[in-house]
Amino acid sequence: MKLNIKKYILPLKHTFSISRESRDFQDSMIVSLEQDGKIGYGEATSNPYYGVTFETMKTEITQISKEIEQFQLKNPEAFHDFLTSKNLSHFATCALDLAANDLYGKLMEKPLYQLWNTDNSTYPITNYTIGLGTIDHMVAKMKEVPWPIYKIKLGTDQDVEIVRELRKHTDAIFRVDANCAWNAEQTIEYAPKLKELGVEFIEQPLKAEDWEGMKKVKQHSVLPTIADESCIVESDVEKCGDHFTGINIKLTKCGGLTPARRMIAKAKAMGLKVMVGCMTESTVGISAIAQLIPQLDYVDMDGAMLLKEDIADGVIIGEHGKVIFPSLGGSGITVRQ
């Protein structure tokens, strides 16, 4: 396979703020793998919380580039096993695994969801994320993109008041994401008030390692709780069963589509709700996530919608969340020149 790595700096429509950071741009690594005249694309974004940059990912991949180019892709699972044996970070592995899956589907001339024997006639609608800001700015973002489901980023001293104010401007379903900013007592106290305001669930209210607190929350919260920072890799799924109602899988954190599919199967067998989320990826990453939506209860794949300018074509999220799948095989991605 022929390997190519390219850096993109993705400008955001608006400053994106959560409880621990704000940013106006998102650095992203796009990897392409070419074999037999077909090109597959994958993506992984940088992330300061996990200490991942474009440079660190590129260095990892470059060190094994000759072995990658000698690899003859027969199926994505074997390629992922090869990458795992090289001890790459999950972010770097994700970019390569997404590219391999896209390439494989293009070689087979079928979308991935078809190769996985899933039916895309029904699927969950993605939420649209409203980052932290002043009430006026948050309301303006909702009015700019009328949507049936909003994910509200929280993590202030006025979180319930923020949701109460936003509720005055829409009848949409709300989901709230505290990004580890609350404690157990706050979460249990806030939950009934948020439920009255039309909140569907709470995502990662406590710090990732506060398992005792999350067990208490699961026992006493009137709202479901979804693990994010507490559920990174496959081995985390089982532990989440006693502490959360469901899990949010991020492809970059777990290492791509290949382990994500195993995580989905395991979570469903345990009776957990399953969500897949994004990390402000372009349409490259979002098109990969979209292949999984027939298997999901919830999805957060609005990353490309938050960009001022996209870099690729593929899956389109249309009005009211309707997903339009391209006829091209794999994840259906073409990168713009």
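Only the coordinates and a few stated rules stand behind these numbers; no lab work does. Since the structure is predicted, the reported quantities are computational estimates derived from the model, not experimental observations. Neighbour counts run over all protein chains shown; Cβ positions are idealised from the backbone, glycine included.
Here are some notes:
- Stretch gain in nm, segment Lys110-Asp24, where the contour uses 0.36 nm per residue and the Cα spacing is subtracted: 27.3 nm
- For the stretch 83-123 versus the stretch 237-272, the gap between their alpha-carbon centres in whole angstrom: 17
- If you plug the beta carbon distance of Gln337 and Arg164 into 1/(1 + (r/R0)^6) with R0 = 51 Å, you get a FRET efficiency near 0.60.
- Sites listed here are GluC sites (Glu not before Pro) in the stretch 233-337 whose DSSP assignment is loop and whose Cβ has at most 12 other Cβ atoms within 10 Å: Glu309.
- Size of charge dipole - the stretch 42-128 - debye, nearest 20, with Cβ of Lys, Arg +1 and Asp, Glu -1, no other charges: 60
- Dipole orientation for the chain: of the candidates Ser22, Thr156, Ser331, Ser331 has the Cα lying most toward the positive pole (charges on Cβ; Lys, Arg +1; Asp, Glu -1).
- Per residue, the chain reaches -10500 deg cm²/dmol at 222 nm when only DSSP H runs of four or more residues are counted, each adding -39500 (n - 2.57).
- GNM flexibility winner over the chain from Phe325, Phe91, Phe82 (Cα, springs under 10 Å): Phe82
- For Ser230, net neighbour charge (Lys/Arg +1, Asp/Glu -1) across residues whose Cβ lies under 9 Å away: -3
- For Glu77, net neighbour charge (Lys/Arg +1, Asp/Glu -1) across residues whose Cβ lies under 11 Å away: +1
- Most mobile listed residue (Tyr104, Tyr190, Tyr298) in the chain, GNM with C-alpha springs under 10 Å: Tyr190
- A DSSP coil position with no more than 11 other Cβ atoms inside 10 Å describes the following trypsin sites (Lys or Arg not before Pro) in the stretch 61-143: Lys74.
- Residues Lys215 and Asp36, FRET efficiency given R0 of 35 Å [Cβ-Cβ distance, rounded to 0.05]: 0.10
- Where labels lie 7 Å past Cα in the beta-carbon direction, separation of Glu77 and Lys239 in nm: 2.7
- Look at where the Cα atoms of the stretch 139-209 and of the stretch 2-41 average out, and the two centres are 28 Å apart.
- Once both labels are positioned 7 Å from their Cα atoms along Cα-to-Cβ, the gap between Ala140 and Thr59 label points is 4.0 nm.
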